[in-house]
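Read the structure below first, then the notes.
The values are calculated or read from the model by the stated rules, or taken from the named source; none is laboratory data. A quick note: this is a predicted structure, and the numbers were derived from the prediction, not measured. Quick reminder, even Gly has a Cβ in these numbers, built from the backbone with ideal geometry, and neighbours come from all protein chains shown. These accessible areas exclude ligands, DNA and RNA; they are computed on the full protein's heavy atoms, side chains included. Shrake-Rupley method; radii C 1.70, N 1.55, O 1.52, S 1.80 Å.
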Amino acid sequence: MIRIYTSSFRLFFSALPLLLLLAVILEGLALMFQGTSGATAGRTIGLLFIAYMFHRHFLFGEPLTLRRQTGAADTRPFRAGRFILIALALLALPLAGALWVTYSVQSPGAARADRAGTMLLTMMPLYLLALGLFGTLLPASVTRDPRYTLRAGMQQALPTMGRLILGSGLVGAFNLVLVSGLEIWASQWPALQGPVPMALLGLLATTFGFLTSILGAATLCAAYDRVIARQDASSQSAAPAA
């Protein structure tokens with residue numbers, strides 16, 4: 001767990017200028033297309049593509065850069081399509097469950113904030129469960145190593161969920177509390193209600209959100225490495241003696 005923290009924070013601080021630039025781009029696009037149907041979808045795809053880059057860093061040691069990555073001879077080409085599809089599926093299942101619970105529990109006239117709170121409280125444990133059970137599919141979609149099996153990945157579910165809670169879960173909770181506290185504090189000052197302060201707050205949330213994503217990627221890649229190591233050990237023990 002300590003290795004996951006150290007490698008994640010090292011990547012975050014070394015790539016902070018690039019992450020700030022990516023946050024500015026994402027927040028700028030969100031402002032430009034605010035209110036349109038494709039704004040949320042475009043932001044989600046952008047964040048998942050960046051998460052793909054994080055996975056490649058932890059799996060192949062690739063630097064985080066906007067330049068075209070060719071990779072070493074023994075690494076997979078830079079193709080994010082399968083990764084994004086799996087990541088969307090892992091998001092869609094908890095989201096569907098959270099929506100069902102929210103509209104089953106809340107009355108039709110419930111306040112929007114109450115519904116949002118119920119959705120958040122429901123989706124987070126469901127998403128944790130989905131990542132614990134199937135999260136190793138994400139690094140597996142990057143490497144496409146035939147030694148990986150979903151069954152072997154699911155055997156890592158409990159330790160993976162524990163590490164996700166202690167890593168990206170704790171940092172994500174801190175980020176949520178920090179941004180929410182700043183929003184409440186800013187609401188008491190009329191001068192901080194303009195578009196610029198709100199944009200800066202969004203920039204801060206997105207940048208720290210990258211740290212949460214980095215910790216999640218490091219955790220899943222470490223779990224994937226354990227799966228491959230166990231598969232190799234099983235193959236060697238099953239091999240007939242010479």
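See the values below:
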item: Residue match in segment 88-100 (condition: more than 29 Å from VAL227 (Cβ to Cβ), part of a helix (DSSP H, G or I) and modelled with pLDDT under 90); result: yes
item: From GLY167, GLY135, GLY202, residue being in contact with an Asp or Glu (Cβ under 8 Å, 6 or more places away or on another chain) and in contact (Cβ under 8 Å) with a residue 60 or more places away in the chain; result: GLY202
item: Subset tally (residues that are open to solvent by 40 Å² or more (accessible area, probe 1.4 Å) and aromatic (Phe, Trp, Tyr)) for segment 1-54; result: 5
item: Qualifying residue in segment 144-151 (condition: under 23 Å from MET53 (Cβ atoms) and of a type in the set (Asp, Glu)); result: yes
item: Test for THR149: is it open to solvent by 30 Å² or more (accessible area, probe 1.4 Å), in contact (Cβ under 8 Å) with a residue 60 or more places away in the chain and closer than 30 Å to ALA233 by Cβ; result: yes
item: Complete set of residues in segment 160-212 that are open to solvent by 70 Å² or more (accessible area, probe 1.4 Å), at pLDDT below 85 and of a type in the set (Val, Ile, Thr); result: ILE184, VAL196
item: Number of the condition not met by ARG79 [criteria: (1) of a type outside the set (Phe, Trp, Tyr); (2) in a helix (DSSP H, G or I); (3) open to solvent by 60 Å² or more (accessible area, probe 1.4 Å); (4) modelled with pLDDT of 80 or more]; result: (2)
item: Residue check for GLY172: in contact with a Gly (Cβ under 9 Å, 6 or more places away or on another chain) and either under 23 Å from ARG76 (Cα atoms) or not in a helix (DSSP H, G or I) (or both); result: no
item: Residue check, LEU120 at pLDDT below 85, under 17 Å from SER168 (Cα atoms) and assigned to a helix (DSSP H, G or I); result: yes
item: Test: VAL142 is under 21 Å from THR212 (Cβ atoms), open to solvent by less than 40 Å² (accessible area, probe 1.4 Å), part of a helix (DSSP H, G or I) and aliphatic (A, V, I, L, M); result: yes
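Conditions tested, residue by residue: (1) more than 19 Å from ALA80 (Cα to Cα); (2) free of Cβ contacts under 8 Å to residues at least 60 places away in the same chain; (3) among the hydroxyl-bearing types (Ser, Thr, Tyr).
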site	(1), (2), (3)
SER8	yes, no, yes
LEU11	yes, no, no
SER14	yes, yes, yes
LEU20	yes, no, no
VAL24	yes, no, no
ALA41	no, yes, no
LEU47	no, no, no
